[in-house]
Every structure is written in structure tokens, then in C-alpha cells.
Amino acid sequence: MNEETKVWSGSQSQIVNFGTYIICSLIPPIAVGVVFYLKLTSSVPAISAAAGIGAIAILYSFWCFLETKSQYYELTSQRLKSHNGVFSRKIEELELYRVRDTELYQSFFERIFGLGTITIISTDATTPTSLIEGIKGAEALREQIRHYVEECRTNKEVKMREME
């Protein structure tokens, strides 16, 4: 049996949160603008509500940043590992010989930034579908996964049958 080696590792790009960051950065000035537009500057509840709305928007964008930063993928010659969790940690592993199919998706926005999402369909009981989202060089990674899937199947003498 071949020794397992680390082939690739990477994390999701923060670009996937671009829309969230834009919206959350616009909410605080809009809330303050509404207070001034309605001439509620002497109203403490209105100012407090605007500040609260702004704080929630900023905290939400920070949470999205942390979630994306904590998502980490690792491809070895035998497994795909997905690490995620901000406070607690969850690691999912997919044995590559179980992979049935892969799919690459790039939205227009992802194509502009050279990102992509890989969908992996497998015979794994716990996670039959896995996503590797917002990754740079997704097309090359998909080809690497395909190569190591075939190598694992050959080494383990596993044959995949097409289901009709």
C-alpha cells in the first residue's frame, strides 16, 4: 500500500463574502442617514436603534469572515479532509476511492476572480455530497482529485459500477 502524502491544502477565499461585506458596510450609514433624514437626532431610542442596527451588521460581517477563515481543505493521496468551525472544530474525511463523480461550477463573479466550487459525489454514507467552495485554481484541483481517485481505486482494486 502506498504511503499517504499531502497533495494540496487551501481555504475558501474571502471574495465569496464580498456581497455580504458591501451590504453590511452600507447598513450603518443608511441607519444614521435615516435618523438624520427623519430629524430624530434628539430621540435617544432612534439613535440607539440606528447604532444597534449598525453594530449587528458589523458583527454579522465579522462572523462571516471568521466562518470563511476557519474553513480549510486538505487533499492527500488517499483522502479529502474538510476542517471547519469557529469555536468548536469538525473534521470530515472522504476516502477518495469512494468518489463517484466531480463537478466544477464557476459563477460569473467567481470566474472574474479565478475561483470555483467543486462538488464531489461519493458513496460515503455520512456525506454523499461534499463541496469545496470558493477555491483558487479549482479546475486544476479537480483534475488532481480525479487523478488520485483513479490511483486509489487501482491500489485498492475497487471497481465502480454505473447505477441505472
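The values are calculated or read from the model by the stated rules, or taken from the named source; none is laboratory data. Note that the coordinates shown come from a computational prediction; the quantities given were computed from them, not determined experimentally. Cβ coordinates were reconstructed from backbone atoms using ideal geometry, including for glycine residues, and neighbour counts include every protein chain displayed. We work out accessible area using only protein heavy atoms, side chains counted, and drop any ligands, DNA or RNA first. Shrake-Rupley method; radii C 1.70, N 1.55, O 1.52, S 1.80 Å.
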Next item on the list: Output the number of the condition that Y105 fails; it satisfies all remaining conditions of (1) closer than 30 Å to I30 by Cα; (2) within 14 Å of the chain's Cα centre (by Cα); (3) of a type in the set (S, T, Y).
Entry: (1)
Next item on the list: Please note which strands (runs of 3 or more DSSP E) are completely contained in region 1-112 and include at least 2 residues that are free of Cβ contacts under 8 Å to residues at least 40 places away in the same chain and more than 17 Å from K136 (Cα to Cα).
Entry: 79-84, 90-95
Checklist line | Check on T102, surrounded by fewer than 18 Cβ atoms within 10 Å (Cβ to Cβ) and farther than 13 Å from G10 by Cβ | finding: no
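Let's see how each residue does on (1) farther than 28 Å from Y105 by Cβ; (2) touching a Lys or Arg at 6+ places or on another chain (Cβ under 9 Å):
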{"residue": "Q12", "(1), (2)": "no, yes"}
{"residue": "V16", "(1), (2)": "no, no"}
{"residue": "I22", "(1), (2)": "no, no"}
{"residue": "K39", "(1), (2)": "yes, no"}
{"residue": "P45", "(1), (2)": "yes, no"}
{"residue": "S48", "(1), (2)": "yes, no"}
Note to self: For region 113-164, give me the residue count where each residue is open to solvent by less than 30 Å² (accessible area, probe 1.4 Å), part of a strand (DSSP E or B) and free of Cβ contacts under 8 Å to residues at least 40 places away in the same chain.
What the structure shows: 5
